[in-house]
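The values are calculated or read from the model by the stated rules, or taken from the named source; none is laboratory data. Just so we're clear, the structure is a prediction, and the values are computed from it rather than from any experiment. Note that each Cβ is placed from the backbone with ideal geometry, even for glycine, and that neighbours are counted across all protein chains shown. When the accessible area is computed, the model is the full protein with side chains, heavy atoms only, and any ligands, DNA or RNA have been set aside. Shrake-Rupley method; radii C 1.70, N 1.55, O 1.52, S 1.80 Å.
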Amino acid sequence: MTVPAAVPDNEAERLQRLRELLVLDSEPEPLFDTLARTAAEFCGTSAGLVSLVDAERQWFKANYGLGEARETPRDVAFCAHAILGDTVFQVPDAHQDPRFVANPLVSQDPNIRFYAGAPLALPGGERVGTLCVIDFEARALTPEQSRMLQRLGQLAVQALIMRRELLDRALAIRGEYEHALADREQFLRLITDNLPVRIGYVDNQRRYQFVNRAQAERYDLPPGAIVGQSPRMLIKREPDPSVSARVDDALTGQAQRFEFDDAQDDGAVRRIDCQLIPHLGAGGKVLGLFTTGVDITERAETERALLRQTATLRSVAELIPAIVAVLDADGRYRFVNGAFERWHGLPRAEIVGRTMHDLLGKPEFDPVRPWIARALAGEEVSFELHFPGRSHGQHLAVNYIPLRLDNGTLDGFVAVGQDITQHRQEAQRLLGLAQRDAMTGLLNRAGLQDWLDFQQAHGDAAQIGLLCIDLDRFKPVNDQHGHPVGDALLQVFAERLRMLVRPSDAVVRMGGDEFAVLLAGVRDGHGLQAVADKVLQVAHRPFHVGALHLQIGASVGMALGLDASGGWDGLLARADAMLYRAKSEGRGRAAMAPTPTPRTLHGPQRGA
């Protein structure tokens, strides 16, 4: 007897999210077919599927190697079991598994023996299906195959999400052209009733000789009732004079393309992108016109929405206190906000169109020239500028963010400057109070406590993130090359850490080869993980100390948000526990602690 899978706790939400993807019962698509085939070939199995688990069935978006099957009942679906967990679900031998031995997919055609499925989990956690591989002999995946199947499943999830986004934004035009079977209908090779485009042929007497379904629906008539009539006969109002003039020009042999508002009989107005292509006979005589009309109403509305969005972004740029400018690939200002105007003491009319060199002058331009070159090469860069002669805004933290067109071509960069004078003055005060590590120049524990106090007064304890960092393979450096070499390596690593974070964040040497990075304003674990990934990268880069080329590494433990019960000690304990996990799992990696619930979050406590 077949043992059906349990129903997920979030079944209603899961089914809703599946339907929102608008993918069920759609046609096969090469991207998903390729994912299914790649999974099967990498895992060495006979078949691969992209399977979506519906309420009463599993439906295959992609099927490689399993015949013509498009779906099966859900109660016999292996995938219904796979979506109950987050990891790859394997059935090494269905003949030996009491859940599946009596399953008709096992005891009958196609005689499945082996199954492995990676759940397709959407960002909200809803597992809507699997990327699975199937074989007709008992077997098991290697760890590498299992990891690859999981990664391919993640790609399938991204493809489903991107597919839905494209459906939301794009005006789909599809179909295929039909070839004419008779000389009189030869032009029909260019058109098809399957395209969501108005297509017609008008003779030189302005009478329709052919219309497709979309054009016929415009007049709410069958195609046969339209042939032989002119547009003037079919509409219940006077034709648009501008459109009539375009038709006149087209009948003289001049191809036309234009947009117009087509008023429907029910009062609705559709925006149409129209083309009139002359059909030339012997001697260049115009025999008629091929006509096409694409309804671009939604696209036009999207463009208007984009204009509104642009206006909104400009308004936001005016409201934020940061200095914002957009420059093109030639270094000319396209846009500046009000803060930028106030900083330079010039109205934007005297700024936009000028080059940065012209506006800043050589003394201020030369220091930023290398950063501009890196931004225009496609690199996002961050640096600081110092203006000792200013009464305010003496220190700026500057970010250059490259701009790219849809095809990837660089199109300039966005420059954002933030006044960090207060942070710099605070840093100088801390340094004056001997709150920095003497060897590396980083904050020591006393400096760390002062930073926490400052954040408690000006920041949000729930958005403080901590990275505990322990260098891997550092002890052999001291043992083999001596402590001076080890100290020099620590100084280089400290500088690399300092370059990774914002001026408002804190980098601390906790002692020995142990470091900590505290980040303010971290909204979620993604930002923390991004910094941890960079820490691992810089730790694994070679260290050049004198003539020595040294290779070490690092392990990172992460925690986010102070809670009322543990305060700073609790945050440190959670990050330390994750550091221990990272080291025990093989070093050279990062581990994240669970985030406290919002009601337990609390400001930092003394005791660092």
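The set of residues in region 438-448 that are buried (at least 17 other Cβ atoms within 10 Å of the Cβ) and touching a helix residue (DSSP H, G or I) at 6+ places or on another chain (Cβ under 8 Å) comprises Thr440, Leu442, Leu443, Gly447. Among the residues in region 22-45, are any hydrophobic (A, V, I, L, M, F, W, C), at positive phi and modelled with pLDDT under 95? Yes. What are the residues in region 453-511 that are within 18 Å of Ala590 (Cβ to Cβ) and among the acidic types (Asp, Glu), if any? Across region 453-511, the qualifying residues are Asp470, Asp472, Asp505. Contact annotation: residue pairs with Cβ atoms under 6 Å, 6 or more positions apart or on different chains, pairing a residue in region 217-238 that is in the same structural domain as Asp203 (by the TED database) and under 17 Å from Ile199 (Cβ atoms) with a partner that is at pLDDT below 80 and hydrophobic (A, V, I, L, M, F, W, C), are Tyr219/Leu234. Restricting Gln58, Gln90 to residues that are at pLDDT 95 or above, in contact with a helix residue (DSSP H, G or I) (Cβ under 9 Å, 6 or more places away or on another chain) and closer than 18 Å to Leu160 by Cα narrows the list to Gln58.
One line per residue, one yes/no per condition, for (1) in a strand (DSSP E or B); (2) within 17 Å of Pro4 (Cα to Cα); (3) open to solvent by 30 Å² or more (accessible area, probe 1.4 Å):
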{"position": "Gln58", "(1), (2), (3)": "yes, yes, no"}
{"position": "Ala62", "(1), (2), (3)": "yes, no, no"}
{"position": "Glu68", "(1), (2), (3)": "no, no, yes"}
{"position": "Thr72", "(1), (2), (3)": "yes, yes, no"}
{"position": "Ala80", "(1), (2), (3)": "no, yes, no"}
{"position": "Gly85", "(1), (2), (3)": "no, yes, no"}
{"position": "Val106", "(1), (2), (3)": "no, yes, no"}
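Being surrounded by fewer than 14 Cβ atoms within 10 Å (Cβ to Cβ) and hydroxyl-bearing (Ser, Thr, Tyr) holds for only one residue in Ser26, Ser51, and it is Ser26. Under the condition of being in contact with a helix residue (DSSP H, G or I) (Cβ under 7 Å, 6 or more places away or on another chain) and without any contact (Cβ under 8 Å) to a residue 40 or more places away in the chain, which residue from region 467-500 is least open to solvent (accessible area, probe 1.4 Å)? Once the filter is applied, the top-ranked residue is Gly486. For Gly288, the conditions (1) out of contact with any Cys (no Cβ under 8 Å at 6 or more places or on another chain); (2) open to solvent by 70 Å² or more (accessible area, probe 1.4 Å); (3) under 18 Å from Ile199 (Cα atoms) are fulfilled apart from (2).
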